[in-house]
Amino acid sequence: MSPFFSQEVPLSWYLLLSAALFSLGVAGFLIKRNLITVFMSIELMLNGVNLSFVTFAHQWHAVKGQIFVFFVMMVAAAEAAVGLAIIIAVFRARATLAVDRIDLMKL
Amino acid sequence: MNGYLHLWLIPLLPFAGFLINGILGRRLPKWIVTTVALMAPLGSFLLVLLNALLAFTPKEFRYWNGPGPLPLMLSTIPWVETFGNWINTGILHVNFSFVLDQLSLVMLLVITGVGFLIHIYSVGYMSNDEGYARYFSYLNLFLFFMTVLVLAGNALLMFVGWEGVGLASYLLIGFYFEKKSAADAGKKAFIVNRIGDFGFLIGMFLLVSNFGTLTFSEIATKLGQDPGWNGGVVTVIALCLMLGAAGKSAQLPLYIWLPDAMEGPTPVSALIHAATMVTAGVYMVARTHVLFDHSPFALGVVAIVGAATAIFAATIALVQNDIKRVLAYSTISQLGYMFLACGVAAYSAAIFHLVTHAFFKALLFLAAGSVIHGMGGEQDLRKMGGLWKKLPVTFAVTTVGVLAIAGIYPFAGFFSKDAILYAVFLQETNGKILYSVGLLTALLTSFYMFRLWYLAFMGESRSPEVHPHESPWSMRGPLVILALLSICGGWIGIECFGAFLAPSVGSRFAEAGGWHIQIPYLPFAISLEFMLSVAAVLVALEGGLLADKFYRRKPSRPAQWAAALPTSYKLLVNKYFVDEVYGAIVVKPLLGISKFFLEWVVDVGILGGVAWLLAGIATFAGAILQRWQSGNIRSYAAWLAAGAAVVLMFILIPWTTFWPASMALIWKAVRH
């Protein structure tokens, strides 16, 4: 192994990447109008969190973090299935995916 | 628990009946409602009867192998059963305790026995009523509270029963609550009774502060130990209790609720407003008689109130045309007799009259109910007449009742009224005056009862379009039994009855008697009692003859008299305008204060103002906060993110070092 590779990537890099991913997700969620994009932003947030989980699990040699990540991925998969189904249903009913126009519940 | 008699069963059986019929009555078939309603008082009555028989069974006839002392004998009376602690503080200890002694035994026999008969009667009387189950549940509730009242071993438990019978009375007076007059009468009874209860309560407070106990036996012991208890505070306590008794027993000046209470169903009038509940006041005075015995002044007040009520109500009864109102005023008058007896310390005579009165007045009310039932709801005496052919059984039993209340020998009323008048005559201070009032009342009583009898049953029918019919056997049966009791109820005699009650209420009649008067030219001495009896019977007959003259031989005479004495007649027909006077001096000012001060100032001004202010603040705040609820999902998400950011800031930034430093910086900047 070359010395270049033997040197570990510092913890803070991973965390910064994780925070950046999460912030991008939040920003996308707040800004984007398309429902599918909003949905993807949520996935992005989840993965940002996953990354920090894995990072800490590796850092502290604790397997709990990895297990959490599995849970999150599982829930995210289920959520993706349900969410995409809802999106398809909404599109069929309203012929639009603009978030601001799906406001039937608004007073 | 220190006994084997299980006295708690006596009130609890009617209570169970109340719960079953009150909760499930509307869904149960009618025969189950009837069975439950009748079994409850029957069970209580049999229990009481069993206890009474037990008390009188001599030792050698008993088979008792159980542990402990022999249950209930005349020698172990008063029999006390305690079921637990109610109030246990430093100065006051009150138990749930029941006392069975001669007094409560007699009362229980009357209440459950007459109560059971009236329950049977009600089955026929109320059979077509919508609120059949409701009626019986209230009636059972009444019996529960009444037995608690009578059995209670201390004033507080008695007060529970006292208020409870008031509640049952209220519910039953207002039984036909769709009718405004009935609902109003119920409220009137309740409110007037509150005034009396106020006296009872004050009396209890004074008992606690002066004797430190509410248990009747302990009060008696403490009074007996110290001969210094005379007059003073005892008088005040006795007068307060007297006020309570006057409210419950419809004495002057609190009698006004009883005539209106006739709005209830007639069996209720018979049970509650003639035979049992209204006698609770007399019972209470007899129960607390030691207090009255130690205060001659209070006794005098009781006697005068009783005599005044007796003659006052009797005069009103002379001209009433509603059959139930005549009986209501007659009840007030007879209760006055009982108070008169209490006022001369002849408690056993009062209780004796209470018992016979329960028989014949329940009989008269039930017979009146039978008449009303037969006449299709007609209560006006002027529209009756000639009913003796149509309602033979009712006619026969009413005759018995009238003879009994008039005091004709040998009916029950004669013995008890005679006992009272005799005891009153013997009182030293103003006995002769009170006796004359009592005798005059007896004359009036006889007159108005025979008047009722003539108007309702004799002569020709004054409303020929009505075809009266005799009541079913469920109603005639109790009438016949009560008639027999009204005949025989007095035969036990006051000597025997008084001797039996003596351990509970003192032995007035053991000492009295033996007065003989030698009349010139007569070879033998006549006892005073005999002479007074003859006088009473003569007066009663005279009343009957007068009524005969007025209402049979010369039917035009009442109208002539009314025309000749317009003022008196108007006064009597309008019941001395007492309701109007109370309305003017009590109700109207109270309503005025309520209207202007309580309603406009307190309710609308203060309470309403505060409510409006709070509502205004809420509306204003809502109008501002409403803007947050935009319905825009992304703005919610933004707030969520901002909130999360703030929380993170609080967690991550080391405030403990950062905060004081920044504050110091700000402080510096401000100072310079």
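The values are calculated or read from the model by the stated rules, or taken from the named source; none is laboratory data. The shown structure was predicted, so the numbers you read here are calculated from the model rather than taken from an experiment. Neighbour counts are summed over all protein chains in view; Cβ atoms, including those assigned to glycine, are modelled from backbone coordinates with ideal geometry.
Structure notes:
- Number of the exception - B:T213 against (1) crowded, with 17+ Cβ neighbours inside 10 Å; (2) among the β-branched types (V, I, T); (3) under 24 Å from the mean Cα position of the chain (by Cα): (3)
- Of all residues in the stretch B:526-551, those being surrounded by fewer than 17 Cβ atoms within 10 Å (Cβ to Cβ) and closer than 20 Å to B:E495 by Cα number 6.
- Of the listed requirements (1) small (G, A, S); (2) crowded, with 23+ Cβ neighbours inside 10 Å; (3) without any contact (Cβ under 8 Å) to a residue 24 or more places away in the chain, B:G247 misses just one: (3).
- Cβ-Cβ under 8 Å pairs, at least 6 apart or on other chains, the stretch B:520-546 side within 28 Å of B:L455 (Cβ to Cβ), far side among the aromatic types (F, W, Y) and at pLDDT below 85: B:V537/B:Y409
- In the stretch B:201-232, of all residues being touching a Ser or Thr at 6+ places or on another chain (Cβ under 7 Å) and part of a helix (DSSP H, G or I), the one that is farthest from B:F159 (Cα to Cα) corresponds to B:I219.
- Matching helices (runs of 4 or more DSSP H) fully within the stretch B:273-353 where at least 1 residues are closer than 17 Å to B:T441 by Cα: B:296-317, B:323-343
- For the stretch B:260-304, a tally of residues being of a type in the set (D, E), touching a Lys or Arg at 6+ places or on another chain (Cβ under 8 Å) and over 11 Å from B:L172 (Cβ atoms) returns 1.
- Residues considered: B:I420, B:I372. Of these, the only one that is closer than 24 Å to B:T279 by Cα and of a type in the set (A, V, I, L, M, F, W, C) is B:I420.
- Criterion: more than 25 Å from the chain's Cα centre (by Cα) and modelled with pLDDT of 90 or more - qualifying residue of B:T76, B:T82, B:T57, B:T35: B:T35
- In the set (1) touching a residue at least 12 places away in the same chain (Cβ under 8 Å); (2) assigned to a helix (DSSP H, G or I), the condition left unmet by B:P555 is number (2).
- When the stretch B:309-344 is filtered for residues that are surrounded by 24 or more Cβ atoms within 10 Å (Cβ to Cβ) and in contact with an Asp or Glu (Cβ under 8 Å, 6 or more places away or on another chain), only B:I323 remains.
- Residue pairs meeting the criteria (Cβ under 8 Å; at least 6 apart or on separate chains; first crowded, with 24+ Cβ neighbours inside 10 Å, in the stretch B:485-504; second of a type outside the set (D, E) and assigned to a loop (DSSP other than H, G, I, E, B)): B:S486/B:F411; B:G490/B:P410; B:G490/B:F411; B:G498/B:S507
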